Amino acid sequence: MKTQVVIIGAGPSGLLLSQLLYQAGVDFIILERQTRDHVEGRIRAGVLEQITVDLLERAGVADRMRREGLPHHGFQLLSEDGPVRIDVTKLTGKSVMVYGQTEVTQDLIAACLKRGGELVFEAGDVALHDLETETPSVSFIKDGTRHQIHCDFVAGCDGYHGVSRKSIPATALQTFERVYPFGWLGLLADVPPCDEELIYCSHERGFALASMRSHTRSRYYVQVPLSEKLEDWSDDRFWQELARRLGPDVAGKLAVGPSLEKSIAPLRSFVTAPMQWGRLFLAGDAAHIVPPTGAKGLNLAASDVAYLADALIDWHRRGSPDALAAYSARALPRVWRAERFSWWFTNLMHRFPDTDTFGRQMQRAELDYIRHSDAAQKGIAENYVGLPLDWS
Ligand code: RFL
Ligand code: PHB
């Protein structure tokens, strides 16, 4: 088999890249380890930046999002000192779109399958070969048979645990990492959201987030220690803890119901640099992870893909490798900006094991500053809606 680009992973990065390459006439094959049901069922991010919305539009997969997505113009920061509304549209002229990653993935897979079968699910034992040469290849097992695809480039879109980053010699990469001493316990339920906007809540007992997927489906999170076990969290216990953290005003509007999904996600900041080696280019979670505070993970994946698609298309049209050679240098500044915002927002809103009374007062003082300062609110808003793709 032969193609121009082998894309490893059918998450949002790989699928969006494939759609942009398809439109530009670049050949590719996507190899995905999991089944279609598994990929489509994963509950993850929920907030799309304008840049991501524009990219889905450009990829021709925005119809359902336009119909069913919820444009949001602000969100709340809540603490024992009361709520602060960040009016993102007034402060930036932009908005974000609440539309689940699950839906984005389903729309992209549907578009991909409609145009023909370059997507292989349940591709086992994917291995990358000869990446430092001009003739790389990727091998995999499907239905008991090993296949090999020769290609010009490999796009590593296979997430944090994927094989792509691990195929780069450790000496060729630098990694930067912070592991947080807690996780988010998330619950999805078919109940109306407690508010029209998202509420990020800083509480003595830990962070909580009130989010949504639609007017009838809510997504809530509470911060929990990493030692916590999912089976110890009945739905009742979750709702009680959430209500306690959100406080009586918001809890009074909280509709509860049986969970459709419940899971614990650890929090991590991670960057690998450079994001390329030989003919392999990393995009999305394969190259970097952010803690979900601020909802940047999926959006960063989308901006990587925008840069990588441009570079691959440039090579395809003009035969020029310049944009590909510059991919990592172009993508990393935006990655670091989103890492900074996600780290800062996580530190502001969470209870750390070593948050003493002074540390808590500092968090409250910062929230107080944000409450009173338009400048501080504008800084948060411009990061929340997403920084520009190129900031020269
Ligand atoms: P993904 O979505 O992890 O997709 C990678 C795909 O690669 C496949 N794969 C392989 N395929 C072939 N061979 C192999 N050896 C492979 N190894 C892996 C996987 O099966 C998968 O289909 O990465 P991508 O496309 O870069 O997209 C990134 C986003 O998914 C991610 O940034 C966000 O979902 C992060 N994230 C969240 N972000 C937010 O903005 N808000 C959230 O609330 C939020 N919640 C989450 C999250 C990530 C989570 N993970 C990774 C565990 C909750 C969770 C649980
Ligand atoms: C979500 O709805 O899953 C969500 C929303 C905002 C975040 C993180 C997660 O910052």
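Coordinate-derived values only; no laboratory data. Not measured: the values here are computed from a predicted model. Backbone-built Cβ (ideal geometry, glycine too); neighbour counts: all protein chains shown.
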Between 0 and 90°, nearest 10: helix 297-318 axis offset from the chain longest Cα axis: 20 degrees
Quick one: 3J(HN,Hα) in Hz for the range 60-77, Karplus 6.51/-1.76/1.60 with θ = phi - 60°, rounded, Gly and Pro as x. x, 10, 10, 4, 5, 4, 4, 6, 9, x, 10, x, 10, 10, x, 8, 10, 9
Quick check: convex hull of the Cα atoms in the range 8-74, volume per residue, rounded to a whole Å³? 102 Å³
Between the residues 173, 207, 20, the Cα farthest towards the positive end of the dipole of the chain, that dipole coming from +1 and -1 charges on the beta-carbon of Lys, Arg, Asp and Glu, is from 20
Whole-Hz couplings from phi, Karplus 6.51/-1.76/1.60, listed for the range 211-222; x for Gly and Pro: 10, 7, 10, 6, 6, 10, 10, 10, 10, 10, 9, 10
Take every Cα-Cα pair in the chain and report what % of them are more than 40 Å apart. 16 percent
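Which net charge results for the neighbourhood of residue 2, defined as the other residues with beta-carbon distances under 12 angstrom from its beta-carbon, given Lys and Arg at +1 and Asp and Glu at -1? List each step's numbers first, then the result.
On the way: positive: none; negative: 27, 152.
Once all neighbours under 12 Å are counted, the net charge is -2.
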CD proxy at 222 nm, helix term only [per DSSP H run n ≥ 4: -39500 (n - 2.57); per residue of the chain; nearest 500]: -11500 deg cm²/dmol
With just the Cα atoms defining each centre, how far is the range 145-162 from the range 352-392? Give it in Å. 39 Å
Lys and Arg at +1, Asp and Glu at -1: neighbours of residue 75 with Cβ under 11 Å from its Cβ sum to -3
Angle between the chain longest axis and helix 374-384 axis [Cα atoms, degrees, rounded to 10]: 40 degrees
Cα centre as origin, Lys/Arg/Asp/Glu Cβ charges: the range 331-392 dipole, Debye: 80 debye
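Given the pairs 94/166; 142/166; 229/253; 90/262; 253/296; 262/296, which are separated by over 31 angstrom at their Cα positions?
Among 94/166; 142/166; 229/253; 90/262; 253/296; 262/296, the Cα-Cα distance tops 31 Å for 94/166; 90/262.
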How much of the pair distance distribution for the range 249-311 lies past 18 Å, counting alpha-carbon pairs only, in percent? 55 percent
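Please report the relative contact order for the range 27-104, taking Cα pairs under 8 Å with a sequence separation of at least 6, and give it as a percent rounded to a whole number. Let's see the in-between values first.
Working: 81 pairs, mean separation 31.7, N = 78.
Relative contact order, the range 27-104: 41 percent.
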How do 110-116, 363-369 rank on mean C-beta neighbours within 10 Å, highest first? 363-369, 110-116
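Take every Cα pair under 8 Å in the chain that's 6+ residues apart, average their separations, divide by the length, and report that relative contact order as a whole percent.
20 percent
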Magnitude of the charge dipole, the range 57-215, Cβ model with Lys/Arg +1 and Asp/Glu -1, debye to 20: 200 debye
Pick out, from 266, 185, 250, the residue whose Cα sits farthest towards the positive end of the charge dipole of the range 173-305, with +1 on the Cβ of Lys and Arg and -1 on the Cβ of Asp and Glu. 266
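In debye, nearest 20, what is the charge dipole magnitude of the range 206-272 about its Cα centre with +1 on Lys and Arg Cβ and -1 on Asp and Glu Cβ, if you could check?
Numbers: 10 positive and 8 negative charges, 55 e Å.
Using only the charged Cβ atoms, the result is roughly 260 debye.
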If you count, for each residue, the other Cβ atoms within 10 Å and average over each peptide, how do 255-261, 158-164, 353-359, 32-38 line up from highest to lowest? 158-164, 32-38, 255-261, 353-359
What's the percent breakdown of Cα-Cα distances in the range 270-392 across 10 Å bins, shortest bin first? 12, 36, 27, 16, 7, 2, 0
Give the aspartates and glutamates whose C-alpha is closer than 17 Å to that of residue 2, dropping any in the same chain fewer than 8 places away, or say none. 27, 118, 130, 134, 152
Pairwise centroid distance, computed over Cα atoms, of the range 89-106 with the range 299-327, Å: 24 Å
How much length is gained if the chain between residue 249 and residue 81 is pulled fully straight, taking 0.36 nm per residue apart and subtracting their Cα-Cα distance, in nm to one decimal? 59.2 nm
If you line up the long axis of helix 12-23 against the longest principal axis of the chain, both from Cα atoms, how many degrees apart are they, to the nearest 10? 50 degrees
Non-local residues with an amide H under 5 Å from the amide H of residue 72, with H modelled 1.01 Å from N and Pro and chain starts lacking one, are 96, 97, 98
Tell me which of 100, 129, 112 sits at the most positive position along the dipole axis of the range 19-132, charges placed on C-beta atoms (Lys, Arg +1; Asp, Glu -1). 100
Charge sum, other residues only, whose C-beta stays under 12 Å from residue 188's C-beta, Lys/Arg counted +1 and Asp/Glu -1: +3
Peptides 145-152, 133-140 ordered by average Cβ neighbours within 10 Å, highest first: 133-140, 145-152
